[in-house]
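Below: the structure, in structure tokens.
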Amino acid sequence: MNKSLLEKALQNPLSKAGFVIIVLVFLLAMLAPIIAPYDPNDINVKAILLSPSWQHWMGTDGLGRDVLSRMLYGGRISLLVGLVAVGISTAIGILLGAIAGYYRGWVDTLIMRLVDVMLSIPSFFLILAVIAFLTPSIINVMIVIGLTSWMGVTRLVRAEFLSLSGREFVLASRTLGAKDARLIFTHLLPNSLTPIIVSSVLGVAGAVLMESGLSFLGLGVQAPQASWGNILTDGKDYIQFAWWLSLFPGLAILITVLGYNLLGEGLRDALDPRSENNR
Amino acid sequence: MKILAFLTNQFLKRNAKFSFIATCLALSACGDSSQNLSQQALNNLNKSYPSQSGGTLLDATIGEPSGLIYMVAGESAAGAISSNIFNKLLKYDKNLDLEGELVEGWQVSSDQKTITFKLKPNLKWSDGKPLTSADVLWTWQAVTDEKTRSPYASDFQLVKKAETPDALTFSVTYDQAYAPALDSWAGLQILPKHLLQGQDLHTTAFARKPVGSNYYKLDSWTNGENIKLSRNPSSVLGQAKIDNLVTRIIPDSSAQFLELMADNIDSMGLDPIKYARIIPARPELKQKLALYKELGNSYTYMGFNLKRKPYDDVRVRKAINYAIDKQEIIDGVYLGLGIDIASPYKPGTRWSNPDLKPYPYDPQKAKVLLKEAGFVDSDGDGVLERDGKPFSFEILTNQNKEREKSAVLIQRRLKNVGIQANVRAIEWASFISRFIKTGDFDVVILGWGLGLDPDQFNIWHSSQQAPGQFNFIGYNNPSIDMLLEQGRTELNPDKRQKIYHEFARVLLEDSPIVYLSAGYGLSAIHKRVKGIDNPAPPAGVGWNTYDWYIPEPLRRAVPGRTEISTN
């Protein structure tokens, strides 16, 4: 099912581009230890703020570290945070959505009001507030982003469950005496998976952006570890002079987020029976 | 204002003594004006002009003052502006010798306990009311009043008796001779009794619409935008040259720099990269900006929490001192614009002990000392352990680029000797309230900005450890306490010098902090501003701002440019 969905989505050149981008970014990040020309934390005070050259393709930063190497290692952090955070939020979303959509009644009301409350708080500020109380670290960032962005998935799963639970195959299974767990895990959930995947792909884009934002503000990944966000912060003061410090991480964030969005949109179009591409 | 000591979070901006006009508020509208300065205009900048009055100087501040009563605000943002509005009894001349500001002269009694100040005649507040010794007495009462909770109170609480025999005479008597006494009176801004009597200095509206006696008076204060001062026609010291000082509130130094380049401010403090790399590499900036460099009375250090283990062990502190390459920090972070120091005084002054040498970079010695202290790498992971616990700590600092970079360099050097350090940079206000005031830290990188008097009682004396006081590292050394007490009461400069040289020697030997460097205050001022001493005299670039002037041909276009098109 998923394969055909992906294939369908990839017929659209834009989502194909998104897919290629993501694969490339992943490859580069995975292979960072092999392809990075320098140690990302190798300080060289004699080579600070060098502009891009054959020695340093993306120049050097304020401590003479090679920006390309830091970008590659930073990419690993961004992608890791994106995936783990979305993993957490999706897991919570599925759980709460399934409970709400399957059992309905007061549990449903309770969970959906909770969703409304959480959604009413701008998520970036919520995350900022929570992070401010904790020690900034990658793990905290992943957890906090995960714990504050499950609401969309919850709504999605609940809606799917609501519509699926009236369908014949579910009713049939229930008539045959299937227990709640069996209904949920073998019938309802697998059939709601596609929209969840689509929303997760889009969620990764948001999480990557969020991590960069937090690191940019000094609340995410801490020195000397590189992340796109904190390379960008280093470049902020010298944006007119050391343009490479702002441009490359900025582009990397842009392209990665774009990639996830293109792919996510493509998947959504492929899912949507009303979409042009589907006919 | 004399500041005996304050925590620094930024480069000290010494010329911050004054501030100036925002005629140009719409950034996009004014942005291009300066970049297209014609060659003619640039040539004009370098001509010499006769001194003339008028014009407007635009300055910028990162932080907005909380109020303009300095004795309660106690922050540099407030001092930069209030010092243009209020006078002190005494001031420093360009060579840092004391001279009268509000007073014609002063006399110290033969037992050194009583100082009698003689005010200049016919002094006036800018509202026309006379300024008399009653105002001075009231100001002293205010600063020492418990309710005022002034951080500078301790300087004045030693005054046993203050009297005003007549309207022009003010005398103070100390319990015992107090060496920093005159210095402290060169720091206290005198406030008008007739406007403040009976008011709470923390809540009074006066803090936002002050009435002073100095060169300038407050015209307007727009929250988050600017503070405008104009010349005070009844200034007690004569007339300043520049008509208006406008301080724009621009809370981000990169934004300030963009405004400086776009000619929307006239001056700002610089970091070493802007000073040594960016401006020299850009001819259009070099042509219109004059750069100033002065060795400030300040230094950056790495301090240990001496109440915690293992930092209570002098061998550990020394080992860390040996393990850090200070020259590398000075070269790499400060681009050479710093000096390696071995005593907590400005290098080259009489208080700085010339016989002391900084701890050299010697990782081998560091390893030996750590071993002596019981740290060994028993599991071979490259990190030393003692009693099974790895030697690891967090270096806390504020979000200051130079300090963050220094921390990263230190982190690498410590790793080489088997110490695992993590770096964490925290926003200034929460850094102070959450970590410094509570003493909840292992190691910090911070700076001290110091007064001119060598007395550092409130930083090092063991009695100064309460929350909010300056000895937050918990330093407690009886011989240092004794030297500090002696130094305060010794009036003979040569004997005092000996005391403080000994003080610095004991301090270095004990290594409660690692001196990283004494930094230069760096600033850029637009060349349209004339009358600035370069190189800066000992008192700093800003010592004579009242004599600065902007020749008419170099002034900004009419202040009507505020509203320009929306695009």
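Per-structure values
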| read-out | value |
| --- | --- |
| From the options B:ALA518, B:ALA466, residue that is in contact with a Gly (Cβ under 8 Å, 6 or more places away or on another chain) and among the aliphatic types (A, V, I, L, M) | B:ALA518 |
| Hits in region B:188-226 (condition: over 23 Å from the mean Cα position of the chain (by Cα) and aromatic (Phe, Trp, Tyr)) | B:PHE206, B:TRP221 |
| Residue match in region B:126-139 (condition: charged (D, E, K, R), in a helix (DSSP H, G or I) and buried (at least 19 other Cβ atoms within 10 Å of the Cβ)) | yes |
| Residue ID - farthest from the other protein chains (Cβ to nearest Cβ), chosen from residues in region B:401-440 that are of a type in the set (S, T, N, Q), surrounded by fewer than 21 Cβ atoms within 10 Å (Cβ to Cβ) and within 24 Å of the chain's Cα centre (by Cα) | B:THR438 |
| Residue within region A:241-254 that is free of Cβ contacts under 8 Å to residues at least 24 places away in the same chain and hydroxyl-bearing (Ser, Thr, Tyr) present | yes |
| Conditions (1) among the aromatic types (Phe, Trp, Tyr); (2) surrounded by fewer than 20 Cβ atoms within 10 Å (Cβ to Cβ); (3) modelled with pLDDT of 90 or more; number of the one not met by A:PHE169 | (3) |
| Single unsatisfied condition, A:LYS46 versus (1) within 14 Å of chain B (Cβ to nearest Cβ); (2) not β-branched (Val, Ile, Thr); (3) not in a helix (DSSP H, G or I) | (3) |
| Test for B:ASP331: is it of a type in the set (Asp, Glu), surrounded by fewer than 20 Cβ atoms within 10 Å (Cβ to Cβ) and either within 14 Å of another protein chain (Cβ to nearest Cβ) or at positive phi (or both) | yes |
| Single condition A:GLY59 does not satisfy, out of (1) of a type in the set (Gly, Ala, Ser); (2) in contact with a Lys or Arg (Cβ under 6 Å, 6 or more places away or on another chain); (3) at positive phi | (2) |
| Matching residues, region B:476-529, being of a type in the set (D, E, K, R) and farther than 30 Å from B:VAL316 by Cα | B:ARG488, B:GLU490, B:ASP494, B:LYS495, B:ARG496, B:LYS527, B:ARG528 |
| Of all residues making up region B:439-494, the number that are not aromatic (Phe, Trp, Tyr) and not in a loop (DSSP other than H, G, I, E, B) | 23 |
| Long-range neighbours under 6 Å by Cβ, at least six apart or interchain, first residue more than 20 Å from B:TYR178 (Cα to Cα) within region B:93-112, second at pLDDT below 90 | B:LYS94/B:PRO537; B:LYS94/B:ALA539; B:LYS94/B:TRP543; B:ASN95/B:PRO538 |
| Qualifying positions in region B:169-194 - among the hydrophobic types (A, V, I, L, M, F, W, C) and under 25 Å from B:ALA240 (Cα atoms) | B:TRP185, B:ALA186, B:LEU188, B:ILE190, B:LEU191 |
| Sole exception among (1) more than 14 Å from chain B (Cβ to nearest Cβ); (2) buried (at least 18 other Cβ atoms within 10 Å of the Cβ); (3) without any contact (Cβ under 8 Å) to a residue 60 or more places away in the chain; (4) not β-branched (Val, Ile, Thr) for A:GLY146, by number | (3) |
| Qualifying residue in region B:113-122 (condition: without any contact (Cβ under 8 Å) to a residue 24 or more places away in the chain and under 28 Å from B:TYR216 (Cα atoms)) | yes |
| Residue count, region B:185-215 (criterion: touching a Lys or Arg at 6+ places or on another chain (Cβ under 7 Å) and charged (D, E, K, R)) | 0 |
| Answer from A:ALA36, A:ALA91 - the residue that is closer than 23 Å to A:ARG155 by Cα, under 25 Å from the mean Cα position of the chain (by Cα) and more than 14 Å from chain B (Cβ to nearest Cβ) | A:ALA91 |
| Within region B:375-400, considering residues that are surrounded by 15 or more Cβ atoms within 10 Å (Cβ to Cβ) and more than 14 Å from chain A (Cβ to nearest Cβ), the one nearest to B:ASP252 (Cα to Cα) | B:PHE391 |
| B:SER213 vs. criteria small (Gly, Ala, Ser) and touching a Leu at 6+ places or on another chain (Cβ under 7 Å) | yes |
| Single unsatisfied condition, B:LYS147 versus (1) surrounded by fewer than 14 Cβ atoms within 10 Å (Cβ to Cβ); (2) outside any helix (DSSP H, G or I) | (2) |
| Within region A:233-279, tally of residues that are of a type in the set (A, V, I, L, M) and modelled with pLDDT under 90 | 5 |
| Residue match in region A:236-249 (condition: within 14 Å of another protein chain (Cβ to nearest Cβ) and among the β-branched types (Val, Ile, Thr)) | yes |
| Residues (under 14 Å from the mean Cα position of the chain (by Cα) and assigned to a loop (DSSP other than H, G, I, E, B)) located in region B:65-79 | B:GLY74, B:GLU75 |
| Filter result for A:LEU28 (without any contact (Cβ under 8 Å) to a residue 60 or more places away in the chain, outside any loop (DSSP other than H, G, I, E, B) and away from chain B (no Cβ under 14 Å)) | yes |
| Which numbered condition A:PRO136 fails, given (1) within 14 Å of chain B (Cβ to nearest Cβ); (2) surrounded by 13 or more Cβ atoms within 10 Å (Cβ to Cβ); (3) under 18 Å from the mean Cα position of the chain (by Cα); (4) not basic (Lys, Arg) | (3) |
| Positions within region B:345-367 being at pLDDT 95 or above and buried (at least 20 other Cβ atoms within 10 Å of the Cβ), in sequence order | B:TYR359, B:ALA366 |
| Counted residues, region B:80-108 - those being touching a helix residue (DSSP H, G or I) at 6+ places or on another chain (Cβ under 8 Å), within 22 Å of B:LEU295 (Cβ to Cβ) and part of a helix (DSSP H, G or I) | 1 |
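Each row is one residue, and each column tells you yes or no for (1) over 19 Å from B:GLU75 (Cβ atoms); (2) part of a strand (DSSP E or B); (3) within 14 Å of another protein chain (Cβ to nearest Cβ).
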{"site": "B:LEU188", "(1), (2), (3)": "no, no, no"}
{"site": "B:LEU195", "(1), (2), (3)": "yes, no, no"}
{"site": "B:GLY198", "(1), (2), (3)": "yes, no, no"}
{"site": "B:SER235", "(1), (2), (3)": "yes, no, no"}
{"site": "B:ALA240", "(1), (2), (3)": "yes, no, no"}
{"site": "B:SER254", "(1), (2), (3)": "yes, no, yes"}
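Rundown of residues vs (1) β-branched (Val, Ile, Thr); (2) without any contact (Cβ under 8 Å) to a residue 12 or more places away in the chain; (3) more than 14 Å from chain B (Cβ to nearest Cβ); (4) crowded, with 18+ Cβ neighbours inside 10 Å, yes/no style:
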| site | (1), (2), (3), (4) |
| --- | --- |
| A:PRO52 | no, no, yes, no |
| A:MET58 | no, no, yes, yes |
| A:ARG70 | no, no, no, yes |
| A:GLY75 | no, no, yes, yes |
| A:GLY97 | no, no, yes, yes |
| A:ARG113 | no, yes, yes, no |
| A:ASP116 | no, yes, yes, no |
| A:SER123 | no, no, yes, no |
| A:LEU128 | no, no, no, no |
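The values are calculated or read from the model by the stated rules, or taken from the named source; none is laboratory data. These numbers were taken from a predicted model, which means no experiment stands behind them. Positions of Cβ are backbone-derived with ideal geometry, glycine not excepted, and every protein chain shown enters the neighbour counts.
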